[in-house]
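Below is one structure, written out as structure tokens; comments come after it.
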Amino acid sequence: MRDTGSSPQSAPACPGPDPLPHGPTRYRVPPGAVDTHAHVIGAPPAYPFVAGRSYTPPEASAHSYLAMLDATGMAYGVLVQVSVHGTDNRLLVATLAANRERLRGIAVIPLGLPDRELADLKAAGIVGLRLNILYGGGIGFAQLDAYAALAREMGWHLQFLVDARDLTPLAPTLAKLEVPFVVDHWGHFPVSRGLADMGFQTLLALVRDGGWVKLSGAFRNSVDGPPYADTIPFAQRLLEAAPDRCVWGSDWPHVAHWKPMMNVGDLLDLLADWVPDAAARERVLVDNAHRLYGFPPI
């Protein structure tokens, strides 16, 4: 497995998001659209960063995130516990609790929490747990079975931040999970490896057989850079494999990204190439996400 953890001294600072987000220019965002992947980040010392983090981000407030949703036409959002805060979910939970109708969350927790704390997480809007083997501060796969059992008990799903090249040895275990699972950013897969790569083919097989995948992270997977056209055939293969289990995420505020910062509107415009058919695009932005995260049906 890949280990990208680092010491605080070597965890480089990354820039904040574009301060003037806008919606797509190539289509109208449908009513009820969901951004299924974003983070809120607090500022130390009130919200400490973990010592083993891989990057050092600026603050990303709930107010700024909600403003981004409004500016881009997104009705709902899903916040994922950011790796730099480790298992300190306080900011995530407070943000969810204050916006219960509009937001859902994915937590990062240690095993063994008291039943009352688990119930409080669920009441705040937590709908899943994240396992992460790419960035320092995350929880890996060593206790996957225990987390899967907990997710099943709570009615949650699992979300994996994993390099697709590591999926092949994991695939037999993932295929046997009795809870839904979601792969972030279609596996942080560098498109230079090609469609025939074993890791990408494993990802396709997993989502074809019941897994979910986030059509997100183009700026992480692209080799050519903006407008990320080299990612199009990969996203389209995933959509063909699982049209009812693909969702879209902005990955705001685009942490651990040091290249020129994109606007969320640029990423939404790319979705027009990933999913050219308007009905299929609405399924990705609305129907699939509502079903997975428990937002009200449209």
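Working only within the stretch 202-219, note down all residues that are farther than 18 Å from residue 265 by Cβ and in a helix (DSSP H, G or I). I'd like the intermediate steps shown before the answer.
Keep residues of the stretch 202-219 that are farther than 18 Å from residue 265 by Cβ, which gives 202-214.
Across the stretch 202-219, the qualifying residues are 202, 203, 204, 205, 206, 207, 208.
Filter the stretch 52-74 down to the residues that are at pLDDT 95 or above and buried (at least 22 other Cβ atoms within 10 Å of the Cβ), then identify the one that is farthest from residue 96 (Cα to Cα).
Checking each candidate, the answer is 57.
Filter the stretch 74-108 for residues that are in a strand (DSSP E or B) and among the basic types (Lys, Arg) and give the result. Write out each step before concluding.
Here is the first cut: in the stretch 74-108, the ones in a strand (DSSP E or B) are 76-80, 103-107.
Within the stretch 74-108, 104 is the sole residue that qualifies.
Can you tell me which residue among 95, 56 is of a type in the set (Val, Ile, Thr), within 21 Å of residue 139 (Cα to Cα) and free of Cβ contacts under 8 Å to residues at least 60 places away in the same chain?
After applying the criteria, what remains is 56.
Condition check: over 18 Å from residue 37 (Cα atoms) and modelled with pLDDT under 95. Does residue 260 satisfy that? Give the steps one after another, and end with the answer.
On the way: over 18 Å from residue 37 (Cα atoms): yes; modelled with pLDDT under 95: yes.
In short, yes.
Output the residues belonging to the stretch 168-186 that are of a type in the set (A, V, I, L, M, F, W, C) and under 17 Å from the mean Cα position of the chain (by Cα).
Of the residues in the stretch 168-186, the ones of a type in the set (A, V, I, L, M, F, W, C) are 170-171, 174-175, 177, 179, 181-183, 186.
If the condition is that a residue be of a type in the set (A, V, I, L, M, F, W, C) and under 17 Å from the mean Cα position of the chain (by Cα), then 181, 182, 183, 186 are the ones that fit.
State yes or no: is residue 158 in contact with a Ser or Thr (Cβ under 9 Å, 6 or more places away or on another chain) and of a type outside the set (S, T, N, Q)?
Criteria not met by residue 158.
How many residues are touching a Gly at 6+ places or on another chain (Cβ under 7 Å), not acidic (Asp, Glu) and not in a helix (DSSP H, G or I) if we restrict to the stretch 161-201?
Going through the stretch 161-201 one residue at a time, the tally reaches 5.
Among the residues of the stretch 221-234, is there at least one that is outside any helix (DSSP H, G or I) and either of a type in the set (Ser, Thr, Tyr) or in contact with a Cys (Cβ under 6 Å, 6 or more places away or on another chain) (or both)? Give the steps one after another, and end with the answer.
Keep residues of the stretch 221-234 that are outside any helix (DSSP H, G or I), which gives 222-228.
Narrowing the set further to residues that are either of a type in the set (Ser, Thr, Tyr) or in contact with a Cys (Cβ under 6 Å, 6 or more places away or on another chain) (or both) leaves 222, 228.
Looking for residues that are outside any helix (DSSP H, G or I) and either of a type in the set (Ser, Thr, Tyr) or in contact with a Cys (Cβ under 6 Å, 6 or more places away or on another chain) (or both), one finds at least one in the stretch 221-234, hence yes.
Examine the stretch 134-142 for a residue that is over 21 Å from residue 220 (Cα atoms) and surrounded by fewer than 15 Cβ atoms within 10 Å (Cβ to Cβ), and state whether such a residue exists.
There is at least one residue in the stretch 134-142 that is over 21 Å from residue 220 (Cα atoms) and surrounded by fewer than 15 Cβ atoms within 10 Å (Cβ to Cβ).
Consider the stretch 175-214. How many of its residues are surrounded by fewer than 21 Cβ atoms within 10 Å (Cβ to Cβ), at positive phi and either of a type in the set (Gly, Ala, Ser) or touching a strand residue (DSSP E or B) at 6+ places or on another chain (Cβ under 7 Å) (or both)?
Count: 2.
Could you figure out which of (1) free of Cβ contacts under 8 Å to residues at least 40 places away in the same chain; (2) in contact with an Asp or Glu (Cβ under 8 Å, 6 or more places away or on another chain); (3) of a type outside the set (Val, Ile, Thr) isn't true of residue 24?
Of the numbered conditions (1) free of Cβ contacts under 8 Å to residues at least 40 places away in the same chain; (2) in contact with an Asp or Glu (Cβ under 8 Å, 6 or more places away or on another chain); (3) of a type outside the set (Val, Ile, Thr), the odd one out for residue 24 is (1).
Just a yes or no: is a residue in the stretch 244-265 assigned to a helix (DSSP H, G or I), under 27 Å from residue 14 (Cβ atoms) and out of contact with any Gly (no Cβ under 6 Å at 6 or more places or on another chain)?
Within the stretch 244-265, the first condition is being assigned to a helix (DSSP H, G or I), and the residues that meet it are 264-265.
Next, only the ones that are under 27 Å from residue 14 (Cβ atoms) stay: 264-265.
Next, only the ones that are out of contact with any Gly (no Cβ under 6 Å at 6 or more places or on another chain) stay: 264.
Yes: the stretch 244-265 contains one or more residues that are assigned to a helix (DSSP H, G or I), under 27 Å from residue 14 (Cβ atoms) and out of contact with any Gly (no Cβ under 6 Å at 6 or more places or on another chain).
Given the conditions (1) within 30 Å of residue 58 (Cβ to Cβ); (2) not in a loop (DSSP other than H, G, I, E, B), which single one is not true for residue 288?
Only one criterion is unmet by residue 288, namely (1).
From the list 111, 131, 158, which residue is in contact (Cβ under 8 Å) with a residue 24 or more places away in the chain and not in a strand (DSSP E or B)? It would help to see each step written out before you state the result.
Values: 131 fails: not in a strand (DSSP E or B); 158 fails: not in a strand (DSSP E or B).
Answer to the check: 111.
Condition (residue is more than 20 Å from residue 21 (Cβ to Cβ), buried (at least 16 other Cβ atoms within 10 Å of the Cβ), touching a residue at least 24 places away in the same chain (Cβ under 8 Å) and in contact with a His (Cβ under 8 Å, 6 or more places away or on another chain)) applied to the stretch 275-298: is it met by at least one residue?
For the stretch 275-298, residues more than 20 Å from residue 21 (Cβ to Cβ), buried (at least 16 other Cβ atoms within 10 Å of the Cβ), touching a residue at least 24 places away in the same chain (Cβ under 8 Å) and in contact with a His (Cβ under 8 Å, 6 or more places away or on another chain): present.
Anything in the stretch 9-51 that is surrounded by fewer than 18 Cβ atoms within 10 Å (Cβ to Cβ), among the small types (Gly, Ala, Ser) and under 24 Å from residue 184 (Cβ atoms)? List them, or say none.
10, 13, 16, 51, listed by residue number.
The values are calculated or read from the model by the stated rules, or taken from the named source; none is laboratory data. Bear in mind that the values here come from a model prediction, so they are computed numbers and not experimental data. We place every Cβ from the backbone using ideal geometry, glycine too, and count neighbours over all the protein chains shown.
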